[in-house]
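Here's the structure, in structure tokens; my notes come after.
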Amino acid sequence: MPALRHPAYMVSDLQVSSVMKKGLVVDDEPLILYALARTLQNDGMEVTTVNNGSAALEEIRHCFYHLCFLDLCLPDISGIDVMMKIKELSPESKILIMSASCIDESVKKLIEENACLFIPKPFELTHVRAIVHQLMENRVPLNPTPTRTSLSDT
């Protein structure tokens with residue numbers, strides 16, 4: 001079902017290029033899937049949602065995604081394992097890791113080396129939207145919540 005769009009948002013920065021940007025949202029929480037998909041669609045991004053790691057990897061094998069929002073805690077495969085496989089299959093995809101869990105130093109290091117950003121849950125959709133625009137413009141993302149988004153502060 002297409003997202004409803006306010007006329008002021010019909011043309012966004014994500015639609016300026018000749019190719020519509022694609023996003024993949026991987027989370028087992030339906031509310032996160034819906035909220036992120038709706039936010040990204042309202043900005044003109046084509047979004048696919050899946051609720052487990054196996055489905056995410058299947059999507060990555062068949063389609064290029066500019067952005068991948070990936071939860072660390074998935075029901076079938078570790079989010080870290082999915083992240084590493086995405087980097088192997090689609091090295092140009094930008095991965096944003098999401099989690100409500102505390103993460104240890106070894107996981108932090110893997111995320112820092114393989115993902116664009118760590119986004120702690122719960123998060124503000126306005127912050128996510130700003131991050132997406134910065135990433136799509138190939139700018140270094142700003143830290144939307146300095147005390148919680150930086151890996152060194154978790």
Quiz item: surrounded by fewer than 18 Cβ atoms within 10 Å (Cβ to Cβ) and in contact with a helix residue (DSSP H, G or I) (Cβ under 6 Å, 6 or more places away or on another chain) - does that describe any residue in segment 90-99?
Solution: no
Quiz item: Which of the residues belonging to segment 115-154 are outside any loop (DSSP other than H, G, I, E, B), modelled with pLDDT under 50 and crowded, with 18+ Cβ neighbours inside 10 Å?
Solution: 149
Practice problem: May I ask you to verify whether residue 71 is at pLDDT below 95 and touching a helix residue (DSSP H, G or I) at 6+ places or on another chain (Cβ under 8 Å)? | Solution: no
Exercise. Inspect all residues belonging to segment 34-46 and state whether any of them is modelled with pLDDT under 95 and either surrounded by 20 or more Cβ atoms within 10 Å (Cβ to Cβ) or outside any helix (DSSP H, G or I) (or both).
Key: yes
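The values are calculated or read from the model by the stated rules, or taken from the named source; none is laboratory data. Every value quoted in this text rests on a predicted model; they were computed, and no experiment measured them. Neighbour counts run over all protein chains shown; Cβ positions are idealised from the backbone, glycine included.
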